[in-house]
Each structure stands twice: as C-alpha cells, then as structure tokens.
Amino acid sequence: MAQALQETGQRASADLYLEIQLFYARQMPLLEARKLEEFLETFTEDGYIEHRPNGWKLVGRKQLLIEMTARRGDPDKPKVEEISARDAREQNIAYYDGLVYRYWFDRIRVQILGDGAYQVNYQAIVTMTDRATGKVSFEPTTTVEDVLVRGADGELQTRSRTVTHDTPNWADKIHNPVEG
Amino acid sequence: MAQALQETGQRASADLYLEIQLFYARQMPLLEARKLEEFLETFTEDGYIEHRPNGWKLVGRKQLLIEMTARRGDPDKPKVEEISARDAREQNIAYYDGLVYRYWFDRIRVQILGDGAYQVNYQAIVTMTDRATGKVSFEPTTTVEDVLVRGADGELQTRSRTVTHDTPNWADKIHNPVEG
Amino acid sequence: MAQALQETGQRASADLYLEIQLFYARQMPLLEARKLEEFLETFTEDGYIEHRPNGWKLVGRKQLLIEMTARRGDPDKPKVEEISARDAREQNIAYYDGLVYRYWFDRIRVQILGDGAYQVNYQAIVTMTDRATGKVSFEPTTTVEDVLVRGADGELQTRSRTVTHDTPNWADKIHNPVEG
C-alpha cells in the first residue's frame, strides 16, 4: 500500500515498516503451526531459502514443500532421538516432532530496492518448547537477509531468504537435546 | 488518540500500532516490578486473565489482585524450593520469590473490533533471572490473545487476556528449576 | 528528521519511534560485529556506559575503545576458560572470545527531553552462541536507560547508557559457562 510513496534509497516510512512487520507476524506463525502450503504462499513461486555456511539451498515452493513436509514434524508426536539437522535430512527424519518452535526477530532493517522490492535484514532466534515437558531449548542465533516483492494483488511475498548461522557447525549440532 | 480514524476491519495505522506497543511497554514492567495495583489499573474493572489448557481463569481486578499478591513474590527473598505453578496455588506459595521475571513479546497483530476495541495477538516468553546467581531460565512459550478497550479517559485497558501455553503440562512443570 | 515536530513531554510520533528503533538496529550489530570504532561513532565524544549495581562507568569514546578492544574478543578464537566479567577486567582477558553475542531489546519507550534529546528505556537480554558448538547461553536480563541526542548532521547519537542488571552479582557470575 505504501508502495507508491517509496523510492529506491529512501528510508522506509512508518507505514511501510509496519506493513513489513505485520507481514512477518502473519508469515511466521504459519510455519510454526506447520501450515506449510499457506506458509509457502507467502513466498513467490520461485522463492528460495538458503542456509549458510555449510548448509543447503531449497528453490521454489515445490521443493520447499517436499523438504518441509518431511522435516517439520508434528508437535503432538513423541520427540525423535537426538539428531542433527544434517543427519535428519540424510535419514529422512522429522526432527521437529514433539517440539513447538517459535521464531523471534529483532533489528529489522529495510532497504528499498525499487519496483516494490525490499531488502530486509534481521536477527532471529528459534525457541523449541518440548510439547510434553515444557522445557525450552534454543537453536543457535542467526542473521537473515530477505528480499520481499509485491505479488499481483500488491501483497508482500518473500522472494529469497538467506539465513546465516552464528556457528559454522549449526547443521551438525544436536537439534533436539534431551538436556536443555 | 488514533481512535477516530479507525474502523472495523481496517488495518491498524502506524499511530495505533505504536500506541498499542507503548501500552504493553508501560503495562508489563508494572507486573515485573510487582506494582500489582498499578498493573491492574491497566485492566478494566471486570478484566480477566485465563490460562489454557488445563489452567484457570481469574476474573476482575479484585480476584486478580488477591491471586497475584499471593503468588508474585519478592525478588529479594530467597527462592522457594522447586515447585510447579499448580502446586504453588494449592499450597499458597509465592513461587516467584527470588526471581526477576521479564516478558518478551513478538508478532504483535491488531484487529480493529469497532467501538474503540482491538483484538491483539502475540507470542510471549518469560525469562526468569535468579536474583542471587544471575542464572536465566525460561517458562514455556505461549501465544496470547488480548482484547483492549478504551477507558473513560481514552486510554487503552485490557479487558481480557487469554494465554495459551505451548505445552498442556505447563502448570505441572517445575517453575523455578535449580538447574537451568 | 522528526525533530522539528517534537516538543518536550509530547508522545513520540510513529516516525520518531521508528527512527529510534532503526538507530538501535544499526548501532547494536556494530558492537556484535566488533566494529568498535564504528560502534563508538554512534556515541557522542563524551558518551558513557555505566553498569549498575556494583559495576563501573566508562566515560568517553577513548576510554570505551580501550576497554572494549581489550574485552570484546574474537568469535573465531577459542573460548577462554570460565571467568566472570569482573575477573576478566582485572586479569585483562578478552572474555567474549569464541562467542557470537547478540542483543535483544523489548519495551522501548521514548520520552522527549527537548532540544532534540530523548530518554529511551528498554529491557535487554544478551544471547551468547558458542561459535564452535552452537550452544546458546544468556547473560542475566537488564533494563537500560539511554539518552540520545542529535549530532551536527542531525543523526542520533547515544550520550549515555545506564545498564541496570537484574542481579546485583552479575559481574561475578561466570560469563562463559561450559554448561548452558
């Protein structure tokens, strides 16, 4: 909605900044609720998510849906045995089973790229609450760079998400530790 | 202040969104500081707080004040022995003794209900810093739905707060673990 | 930019509030990245940081740079042995070696002091991600009071930062625990 008012290089207006905050406030709970198809509708058809360093890049809603369906699990199932993100992919294990995960963002910054596109940078941490016990554990902190664009209806969509983990060994860390 | 400009179903303006953010930024530190009467003045007289699932609902400032006075404790007292929220209620124990707790909100979303009422949804996590040792522990994550209304002076007040915990067993979890 | 519109005692406008949010979103990643000279350019020449209670006050960019250079360490070096903040100062140890730390703010409140100065209050928690293992630990929670002013170019700068730790023993706590 704030599109027409924004030019490349300008600071984001309070309206645009709020629109972007609310985009994430709508997008991320869909992932947390495992509403994967609805979540991916907030991405462009060719949108991608890349994990750095030593990670992987999944391109397009279709590939993302296959991977997420296999991995995102069910909070109401028992937790799987301790496993890393990399091993979960290699062994095809839903490593979020038994966990309610939530994303926490801070330091959202917006750069106007023109043509209704925005580069958004932020830091993120993921809490994982053990559904059975309530114990909270944390994934390593990350910094994220998104490019958002506007779809045909003017609504924001994520065209790319590049997640840089604060440890190069994030994918080999035990993801669901029994002890905190 | 932004009231006149807002109609049911409209998106919240940046002004209204900020007003709501600032409402919480003023409200929650009162609870953290155990200024319970001042905290409850930010609720309507008949305001309630409900904890789901397997929890309880406390209705009206009077009932809330009785319960909170008995439970919220004093950070400068020693920590009580390990106890759950449910047992603390049954045994009338101030289970926040010895702890500085702080609330962290994210994903604030606002729906305009009309007549100066707003439904606000967010996620929350509570940190508990052990006053003596500085050790930080966490309550299980939650999602929250508030209804805010405007008092006679136009200021926002909480009419209802419904807290859904991310584990059904939250009330039976040890609330103040000796180990993290 | 919003300066001209703001008078003492007024509520912060959405524009000013966003400007302050973005100031922190630019300032704090500089500290996290150990870009200490750039970080200190976001302070006034005589700006100070004070830690309460039982802490210390460092006054002016020069003193802050000396202290931070000696203490802020390098995430790519190995972690130092378990040590407290106070001992790290006494023994001149870079106690953030091996750690990626990030600041998380909430409850930002702004008071307009006049003459383009603002008192900003917020709560903060610091995550420390072990660069080698990805394990996340936390410094005790804090509340912070800043005074921001405008430099010659109109940009915000921090004139003072007073950090109150939620435990009086924060400086003697083990800062980099091997276990959680």
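A few points about this structure:
- With semi-axes defined as the square roots of five times the eigenvalues of the C-alpha gyration tensor, the equivalent ellipsoid of chain A measures 31, 16, 15 Å, largest first.
- Restricting the stretch A:58-127 to GluC sites (Glu not before Pro) that sit in a DSSP loop and have at most 16 other Cβ atoms within 10 Å of their own Cβ leaves A:E81, A:E82.
- Protein accessible area in the stretch A:61-177, 1.4 Å probe - carbon and sulfur %: 47 percent
- With Cα atoms, 0 to 90° folded angle of helix C:60-71 axis to chain C main axis: 30 degrees
- Overall, the stretch A:65-156 carries a charge dipole of about 200 debye about its Cα centre when +1 sits on the Cβ of Lys and Arg and -1 on the Cβ of Asp and Glu, all other atoms neutral.
- With a 1.4 Å probe rolled over the protein heavy atoms of all chains, the accessible area of A:H175, A:H51 falls in the order A:H51, A:H175, largest first.
- Over 31 Å (Cα to Cα) - which of A:K35/B:K135; A:K135/B:K35; B:K77/B:K173; A:K79/C:K77; B:K173/C:K77; A:K57/A:K79 fall in this group: A:K35/B:K135; A:K79/C:K77; B:K173/C:K77
- Euclidean distance of C-alpha centroids, the stretch B:166-180 and the stretch A:49-78, integer Å: 30 Å
- For the stretch A:1-107, the C-alpha radius of gyration divided by 2.2 N^0.38 Å, with N the number of residues, is 1.28.
- Helix-only [θ]222 nm of chain B, DSSP H runs n ≥ 4, -39500 (n - 2.57) each, per residue, nearest 500: -7000 deg cm²/dmol
- Folded to 0 to 90 degrees: helix B:14-32 orientation relative to chain B principal axis, Cα: 20 degrees
- Fluctuation leader among C:T42, C:T141, C:T158 - chain C, Gaussian network, Cα springs under 10 angstrom: C:T141
- Solvent-accessible area per residue in chain B equals 43 Å², computed with a 1.4 angstrom probe and all protein chains kept.
- Taking the label point 7 Å along Cα→Cβ, A:Q111 and its counterparts in the other copies are spaced 3.7, 3.7 nm apart, in ascending order.
- Projecting 7 Å from Cα along the Cα-to-Cβ direction, the label point of A:Q63 sits 5.5, 5.5 nm from its equivalents in the other copies, listed shortest first.
- Across the identical copies, how the C:D87 labels are spaced - nm, sorted shortest first, 7 Å along Cα→Cβ: 3.4, 3.4
- Coil-residue trypsin sites (Lys or Arg not before Pro) of the stretch A:3-87, DSSP, other Cβ within 10 Å capped at 11: none
- Candidates B:G114, B:G154, B:G60, ranked by Gaussian network fluctuation over chain B, Cα under 10 Å, top entry: B:G154
- For the residues of B:121-130, the average number of beta carbons from a partner chain within 10 Å of their own beta carbon is 4.
- Taken about its Cα centre, chain B carries a charge dipole of about 140 debye when Lys and Arg each add +1 at the Cβ and Asp and Glu each add -1 at the Cβ.
- Residue and distance (whole Å) for the chain B Cβ nearest the axis that superposes B on C: B:A14, 2
- All Cα-Cα distances of the protein assembly as shown, cut into 10 Å bins from zero to the largest, leave 3, 17, 28, 29, 19, 4, 0 percent in each bin in turn.
- Shielding value for B:95-108 is 4, the average number of Cβ atoms from other chains within 10 Å of each residue's Cβ.
- Dipole magnitude (debye, nearest 20) for the protein assembly as shown, charges at Cβ of Lys, Arg, Asp, Glu: 340 debye
- Heavy atoms of chains A and C lose about 2000 Å² of accessible surface on contact, summed over both sides with a 1.4 Å probe.
- Residues in the stretch C:134-153 occluded by at least 10 Å² - accessible area, probe radius 1.4 Å, against chain by itself: C:G134, C:K135, C:V136, C:F138, C:P140, C:T141, C:T143
The values are calculated or read from the model by the stated rules, or taken from the named source; none is laboratory data. Computed from a predicted structure; not experimentally measured. Note that we place each Cβ from the backbone using ideal geometry, even for glycine, and neighbour counts take in every protein chain shown. Ligands, DNA and RNA are excluded from the accessible area calculation, which covers all protein heavy atoms including side chains. Shrake-Rupley method; radii C 1.70, N 1.55, O 1.52, S 1.80 Å.
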